[in-house]
Amino acid sequence: GIWLALLLKTAFALVGMGAYLQLFLPAETGESVYTFIALGLVVFFCGLNILGAKKTTSFQIVLVVLLLALLTWFLTAGSLSIKPANFTGFFDQGTNNILSAAGLVFISYVGVTKVISVAGEIKNPERNLPLGLFLAIGTAATVYILGLLVMVGVSGTGNLIFVNGEINLTPVSTVAAEITGSSTGSYIMAVAAIFAFLSVANAGILSASRYPLAMSRDHLLPPSLR
């Protein structure tokens, strides 16, 4: 079950990246182009993983550091543009919408289990695994809370849902454009989103590949998968 969840989460990230790539490619670009980009990245990350866990994690560290740097800019600049009025009536719609949103974003926390799948390649796993898990959950929760405060505080919920009458697939870029007063912010956060999707895909392939190995050792899958 975890193996399938990781495969779907990785695919979800590669497909979701297409929404932000649209900001850089011509409007008439067809869906097939995004599909080929996603498939090309699968091949690239598989090749990277074949080189070994050390190469994969080095690339992962670069992606995450760049992502956190861009998020720090977003949170700092955005905090100066928050309008307290955007938080009024926050719970007027009841709790059903909150529960629906929680179910939708739960996939973001599935990534925490990826750490466990590479336990065999971690030094001192008894200490470092729990430490990594709690730091990961704490970091993610903090960034999500601060990020949502900035996004809702700057733009309000209406602009995050619809733009020009259409469903907004790139809300972070919408808020960033409002913060900078130009499309520059939009492009900056589109790059951050792409870094996030790439890191999810890279980590997903790294961890998902360990499950067939473990299951073949337990005679649940053919030995050739080792």
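Numbers for the structure displayed
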item: Electrostatic dipole magnitude of the chain [Cβ: Lys, Arg +1; Asp, Glu -1; Cα centre; debye, to 20]; result: 820 debye
item: Derived scalar couplings ³J(HN,Hα) [segment 128-141; Karplus, 6.51 cos²θ - 1.76 cosθ + 1.60; whole Hz; x for Gly, Pro]; result: 6, 5, x, 4, x, 5, 5, 5, 5, 5, x, 5, 4, 4
item: Selected from L149, L25, N128, residue furthest toward positive end of dipole (the chain; charges at beta carbon); result: N128
item: Cα centroid separation, segment 71-120 to segment 147-221 (Å); result: 11 Å
item: Against the rule of thumb 2.2 N^0.38 Å, how large the Cα Rg of segment 1-105 comes out; result: 1.46
item: Cβ-based charge dipole, the chain, positive-most Cα from L206, H219, A176; result: H219
item: Amide H within-cut-off set for V163, under 5 Å, with H built and near neighbours excluded; result: N168
item: Solvent-accessible ranking of R210, R127, largest area first, probe 1.4 Å; result: R127, R210
item: Simple Cβ-charge dipole of segment 92-208, Lys/Arg +1 and Asp/Glu -1, about Cα centre, in debye nearest 20; result: 340 debye
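The values are calculated or read from the model by the stated rules, or taken from the named source; none is laboratory data. Keep in mind that what you see is a predicted model, and the values were worked out from it rather than measured. So basically every Cβ, Gly included, is an ideal-geometry build from the backbone, and we count neighbours across all protein chains shown. Calculation scope for accessible area: heavy atoms of the full protein, side chains included, ligands and nucleic acids excluded. Shrake-Rupley method; radii C 1.70, N 1.55, O 1.52, S 1.80 Å.
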